[in-house]
Structures are given as structure tokens and as C-alpha cells.
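Participant: Before I ask anything, let me first share the structure, which is written out below as C-alpha cells.
Here, each number is a calculation from the coordinates, and none is a lab measurement. Quick caveat: nothing in here was measured; it's all calculated off a predicted structure. Neighbour counts run over all protein chains shown; Cβ positions are idealised from the backbone, glycine included.
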Amino acid sequence: MNRQTTNAQLRPSVKTGLPGPRARAIIAMDESCTSPSYIKEYPLVADRGQGCFIDDVDGNRFLDMMAGIAVSATGYAHPHVTGAVKEAIDKVWHICGTDFYTDSFSRLCSKLAGYVPGMGKKRVFLTNSGTEAIEGAMKLARFHTRRKGFMSFYGGFHGRTMGALSLTASKVRQRENFGPFIPGVVHAEYPDVLRRPAGMTPDECGIEAIKKIERQLFSRVTSPDELAAIFVEPVQGEGGYVVPPKTFLKGLRELCDRHGILLVFDEVQSGVGRTGEMYAADYFDVAPDILLSAKGLGSGLPIGAIIARESIMTWTRGSHGSTFGGNNVSCAAAIATLEVVEKILPGIRANGELLSNGLRKLAEKHPCIVDVRGPGFMIGMELAHPVTRESIPGVMGELEQMAFREGLLLLGCGASTIRFAPPLVCGPHEISIALEILDRCLEKVAPKQ
Ligand SMILES: Cc1ncc(COP(=O)(O)O)c(C=O)c1O
């Protein structure tokens, strides 16, 4: 990939059978020695990237509509982010932010504390990953409230370590054989607007989900006084890019206020500009007590953050720490990422709309697309039976495979939803290519009704 090439000149191009000869050799080596728990969606062996495009080791070029699971926020090799990383590498890689100071660590925390004004004055703890942010927030919530219980939602994904996995209720495969989980975790239903009962409005569907928590959980399963925190994804990610009505998140805020429970927004996937706002809390206009960020924050370098109201981050010196959290190079990447994202937020909203509208047009032609939803570049395209709305086994996987062979990188989520989470620099050029390939692939894989 010639770095002088502008993104507008790039197009997907698949020249070999897939995987090509070099990719085949690497995959064979990988399969001989790596953990069998890895998923490996399709045989992409990435070599280099620019903007929204990835070249594999055989010189095939792909358009990326999933950004390494919503991570490469500024696209591949963004000059501002790459420049900041190179500068940090030449200075100091690591000093341990738990014990010492760097300029970039403090500047990043100060920047993150400035977002989501409704949260008031905030303090920030830096982590290596989304899961570590979840674990830290569970500890912080217990420390601050002196309560032990947690609530999260069916369909929610919060990570795979024991605390985070106790909150996760996305796929049985992720939990089976790993229990027992931490005690005191209850799960509630997340509103499913698409499948709401006839005659119910989306807003009513959000309110009903809150009423159900009070009617079922708080009267039969746990006293709200035992809950330290409610963990919720403002838009469910792995669960299927499910967008709740605003009434749901506002109702949760009210419920938490009434019972002294902390409201934690897991914005690991929805944060850093993905919804067209820096954080989805702003999109929904609901302020949590604790907001968790990761994935896109470092444009691909590992970094996460626990952002909490100052009045809640009351844990004491030495009660929590992290060796690598807030690594100097990751901090430099995160500051540069946020600088880029701040500038392109209006473009994310406009281009997200362009992509959503294009997908809705495709839905008119391919009735198995039963829903296109989500703000900014957090768009779910659900594939299901057009009348029963039941998922059609295999179609999502087939579409992923076929698109890959045509040079388009897609990624599913939930039972049968394709998530469109491209690098946030994705523009009209990339969107028109993606829609064109998608249309061709749907022609072949979508069942005719
Ligand atoms: C909403 C959400 N929370 C937490 C996590 C876990 O983050 P990580 O994989 O960085 O540990 C993920 C990962 O997909 C996620 O989507």
C-alpha cells in the first residue's frame, strides 16, 4: 500500500483465491500452536492498512466495515495518531502510571474528565482493556456503596474475566463450564423495540422494561438496597446492536436515584464518537455515575478508562492500581485519537445517516433485512424472516464469508445482525462501495420469500 495514495483512490481488490498462499502458511502455523478458544471469523491475515482499507499478506485489499470490532476509530495509520505514537516511542514507553507521572497520562485523564458535562466533576482511572475497566468499576461501586450486588441485562456483554463474565449474558458459549460466577448478580430484560407487543410504542416499551425490573426483580429476587450498581450498555454491542428507547435509560437513571444504586454505562463499544457523540450518554442525554471507555480510545493501542463522578471515586490510595494501565504510548495514541474524533463528529453523524439510508434502500429490495438501526456508525442490520422475525440460521455467517471473498469485511453480532462499525473516518466513497458489494452478496445468500 503506497502511503501517498489518497483514500478516495482505494478500492477493494481480491487477486488470489482466499486465503492466498502466504495467508495459508500463516494460518497453518497459527492453527498448530494457538489456543483453540479463538474464534477466527474468516481467513483474513492482515498486513497493513490505510484509512478504511486493509491489505492482506498476499496483496489483496479489503474495505473494512468492522474496524477490528469497533476499535480502529481513526482508521488505519492515521497520520496524526501515528505521529503521536512515534513521538512517544522515541521518548519513554513505560513508567507505571500507578506509581509515577507522565504528561500524557495526566493530559488524557484531564481530557476524558471533560466529556459528558452532566456527570459534573469527574476523576479518571486508566486501564489496559474494556474488561479491566469493568472489573475496576465493580470494585469501585462496592467500595463506594458498601453494597455487594449488581444488575446487568440479558444480551449484555461486559468481558470474560470472572467479575465481568458474571455480568455478561450474551451467549451461553461464553459462560458454560466457567461457573460458579460471583454471587449477587441479577439479570434483567433489555427492551427489544423490534419485537415489542402490537399497540405498544417504543417509548412505552422502554418504560415497560423498567416496570418489569420493579415488578419482578425488586419484589421477588433482590432488594434494590442490596445493589451497588446497574451495568448497562447504552446500545448493546455483541448482543446485536440493539438500541433502547430513551425512556429506558432515563428510567434506569431515575430508578438508580431512587434506590441509591450507581448507574454504570459500559461504553466500551459505543464510546469515542461511535454514535456521532463522543459518548452515547450525550446521544441519549442521560448522565451515568460511572462511564467506561476502551476499544476505540487508542485507535488500536490497548487502553481503557473508568470515568466516575468525583463524589463516587472515593477509593483510597493503594486500593486499586494497574501496571500497564495508562502506558505512555497508549496515552499518546488516545489523546491524538480524541483530537481527531472531536473534529469529525459532525461527519460521523452525516456519513452514518448516509450508510443507514443506503441499507434501508437495500432492505426494500431484500426483505430478509428486517431492521436497520443505530446512531452514527453503530448501525445494526438485522437479518430475519420478514414475517415471523425469527432469525434465519446461517445467513449471517454466509454473508460474512461471501462479502470477505468480494473484498468487504463484515462482522455479525447477536443472533443474526450485521454490525456496521467502520473506522469513523469512513466517507461517501467507502459507503457506496460497501453498499454495492453488499447488494451483490445479498442477491446470492438471502433466501427469496
Ligand atoms: C460493551 C463491551 N464491554 C466490555 C468489553 C470487553 O472489552 P475488552 O475486550 O477490551 O476487554 C467489550 C468487548 O467486546 C464490549 O463490547
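Participant: Please give the residues of the stretch 406-430, grouped as numeric ranges, whose backbone N is less than 16 Å from a label point set 7 Å along the Cα-to-Cβ vector of Lys365.
Facilitator: none
Participant: Sticking with this structure for a sec: Using 0.36 nm per residue, how much length does the chain from Tyr101 to Asn177 gain when fully extended, once their Cα-Cα distance is taken away?
Facilitator: 23.2 nm
Participant: Which one of Leu18, Leu167, Leu292 has the biggest mean-square fluctuation once the chain is modelled by GNM with Cα springs under 10 Å?
Facilitator: Checking each option, the largest mean-square fluctuation is seen for Leu18.
Participant: To make sure I understand the rule: partners must be lysines, Cα under 19 Å from the Cα of Lys211, and not fewer than 8 residues away in the same chain. Which ones qualify?
Facilitator: List returned: Lys246, Lys250.
Participant: Tell me, what ³J(HN,Hα) does each residue in the stretch 120-137 have, in order and in whole Hz, if you take phi through Karplus 6.51 cos²θ - 1.76 cosθ + 1.60 with θ = phi - 60° and put x for Gly and Pro?
Facilitator: For the stretch 120-137, the Karplus-derived couplings read x, 6, 10, 10, 10, 10, 9, 10, 8, 7, x, 4, 5, 5, 4, 4, x, 5 Hz, x marking Gly and Pro.
Participant: Go through 398-404, 379-385, 89-95, 45-51 and give me the packing order, highest mean Cβ count within 10 Å leading.
Facilitator: Taking the mean over residues of other Cβ atoms within 10 Å, the ranking is 379-385, 398-404, 45-51, 89-95.
Participant: Given the -39500 (n - 2.57) contribution per DSSP H run of 4+ residues, what per-residue ellipticity at 222 nm results for the chain, rounded to the nearest 500 deg cm²/dmol?
Facilitator: -11500 deg cm²/dmol
Participant: Roughly what % antiparallel, to the nearest 5, for the DSSP beta bridges in the chain?
Facilitator: That works out to approximately 65 percent antiparallel.
Participant: Now, a different point. Under a point spin-label approximation (7 Å from Cα along Cα-to-Cβ), what is the Glu353-Thr34 distance to one decimal in nm?
Facilitator: 4.0 nm
Participant: State the Cα centre-to-centre distance between the stretch 333-371 and the stretch 212-284 in whole Å.
Facilitator: 23 Å
Participant: Taking the alpha-carbon distance from Lys122 and a cut-off under 19 Å, which lysines remain once sequence neighbours fewer than 8 residues away in the same chain are dropped?
Facilitator: The qualifying lysines are Lys111, Lys139.
Participant: With θ taken as phi - 60° and the coefficients 6.51, -1.76 and 1.60, list the Karplus ³J(HN,Hα) couplings across the stretch 181-198 in order, rounded to whole Hz; mark glycine and proline as x.
Facilitator: 8, 5, x, x, 9, 10, 10, 10, 7, 8, x, 10, 4, 4, 10, 5, x, 4
Participant: Taking Lys171 as the anchor, which lysines have their alpha carbon closer than 18 Å to its alpha carbon, excluding any fewer than eight residues away along the same chain?
Facilitator: Once the sequence-local lysines are set aside, what remains near Lys171 is Lys40.
Participant: Would you mind checking which residues have amide H under 5 Å from Phe420's amide H? H placed 1.01 Å from N; only 5 or more apart, or other chain.
Facilitator: So Phe420 has HN proximity to Ile379, Gly380, Met381.
Participant: For the stretch 57-95 and the stretch 96-169, write down the distance between their C-alpha centroids in whole Å.
Facilitator: Result: 24 Å between the Cα centres.
Participant: Skipping prolines and chain starts, which residues have an amide H placed within reach, meaning under 5 Å, of the one on Val14, given they are 5 or more residues away or on another chain?
Facilitator: Excluding prolines and chain starts, which carry no amide H, the hits are Arg61.
Participant: When the Karplus curve 6.51 cos²θ - 1.76 cosθ + 1.60 is applied with θ = phi - 60°, which whole-Hz ³J(HN,Hα) does each residue of the stretch 173-179 get, with x for Gly and Pro?
Facilitator: Karplus-based 3J(HN,Hα) across the stretch 173-179 equals 3, 6, 10, 5, 6, 9, x Hz.
Participant: Moving on to the next point. Taking amide hydrogens as modeled 1.01 Å from N in the peptide plane, which residues meet the under 5 Å criterion relative to Val185, leaving out close sequence neighbours?
Facilitator: It is Phe150, by chain and number.
Participant: Please work out the FRET efficiency for the pair Arg146 and Arg215, using the Cβ-Cβ distance as r and a Förster radius of 25 Å; give the result to the nearest 0.05.
Facilitator: Once the sixth-power term is evaluated, E becomes 0.35.
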